[in-house]
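Reading through the structure tokens given below for one structure.
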Amino acid sequence: MSINIAIDGPAGAGKSTIAKKLAEKLGYVYVDTGAMYRAMGCYFTDLHIGQEDTGAMSRFCRDAKIEIAYRDGEQQVILNGENVNHRIRTEEAGLMASACAKVKEVREKLVELQQALAKKADVVMDGRDIGTHVLPDAQVKIYLTASTAVRAKRRYDQLLEKGTPCVLEDVEKDIIARDHQDMNREISPLRQAEDAYFLDTSEMSVDQVVEQIAGLAERAVLKH
């Protein structure tokens with residue numbers, strides 16, 4: 001039986017960074033759900049489906065096959081047999097991902113794919129609704145968060161590192177708006193699963209967080 005670790009939390013909580021490091025430490029597969037949505041965005045772009053054409057997205061999403069593979073230690077996102085790593089980080093893919101993530105049928109399709117991955121391997125998966133919706137039976141569930149100010153500073157530093165000019169106050173406003181949107185969306189809103197471990201990382205380093213979750217995972221393995 002595979003061991004699944006679900007990490008949920010608001011924007012800027014460090015979910016992806018923690019999940020990647022945790023998966024590497026434990027030898028698990030890191031399932032990048034955001035990359036899967038971006039791959040779906042590439043799929044719709046190839047079909048010349050516009051961002052507003054949710055009807056076409058609903059109809060055609062069933063034919064998309066998206067997988068996460070690891071080759072030579074590198075994560076590869078495979079869309080219908082093609083490695084699309086070089087495409088999913090473009091602005092176009094990001095915009096299409098945001099548009100298609102609002103479509104019920106697209107989310108259902110990707111949840112199916114994510115659940116299939118989790119049945120085949122020990123995985124670490126992060127997102128907004130992993131423990132509550134995608135992997136409700138995960139042996140380890142974490143609700144990862146930090147204060148709004150800390151999350152805003154982290155995102156601000158990331159943007160500056162990428163050479164993107166920004167104002168800290170504006171970044172914090174965006175974080176607050178994103179929290180409200182995620183927690184109040186109609187489909188799978190962000191919330192802490194009843195059996196999730198609440199972890200505030202405001203005063204913790206990445207390594208400290210990874211070690212704490214790894215300890216929880218080791219105890220889960222012993223139970224199974």
Requested in this report: Only helical DSSP H runs with n ≥ 4 go in: add -39500 (n - 2.57) per run for the chain, normalise by residue count and round the 222 nm mean residue ellipticity to 500 deg cm²/dmol.
Outcome: -16000 deg cm²/dmol
Report task. Using a 10 angstrom cutoff on alpha carbons, build the Gaussian network for the chain and name the most mobile of GLY50, GLY127, GLY41. Result -> GLY50
Query raised in the report: Using 7 Å Cα-to-Cβ label points, what is the ALA56/VAL167 separation (nm, one decimal)?
Result: 3.8
Report task. Give the residue from VAL221, ILE68, MET1 lying farthest towards the positive end of the charge dipole for the chain; charges sit on Cβ (+1 for Lys and Arg, -1 for Asp and Glu) and the dipole is referred to the Cα centre. Result -> MET1
**Report entry** Structure-derived volume of the Cα convex hull per residue in Å³: which label, when the choices are (1) 106; (2) 130; (3) 142
**Finding:** (2)
Query raised in the report: Charges only on Cβ, +1 for Lys and Arg, -1 for Asp and Glu: so what's the dipole of the chain about the Cα centre, in debye to the nearest 20?
Result: 280
Query raised in the report: Which of these, HIS180, HIS133, HIS86, has the largest mean-square fluctuation under a Gaussian network model of the chain (Cα springs below 10 Å)?
Result: HIS86
Query raised in the report: Quick one: Karplus J couplings for region 155-172, per residue in order, coefficients 6.51, -1.76, 1.60, θ = phi - 60°, nearest Hz, x for Gly and Pro?
Result: 5, 4, 5, 4, 5, 5, 5, 7, x, 9, x, 7, 10, 4, 4, 5, 4, 5
Query raised in the report: Under a plain spin-label model, where a point goes 7 Å from the Cα along Cα-to-Cβ, how far apart in nm are ASP46 and ARG185?
Result: 2.4
Query raised in the report: Taking the Cα-to-Cβ direction at ASP200 and at ASP137 and moving 7 Å from each Cα, how far apart do the two end points lie in nm?
Result: 3.5
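Read the figures in this text as sums done on the coordinates, not as results from a lab. Computed from a predicted model, the values in this text were never measured in an experiment. Methodologically, a virtual Cβ is constructed for each residue, glycine included, from the backbone with ideal geometry; neighbour enumeration extends over all protein chains shown.
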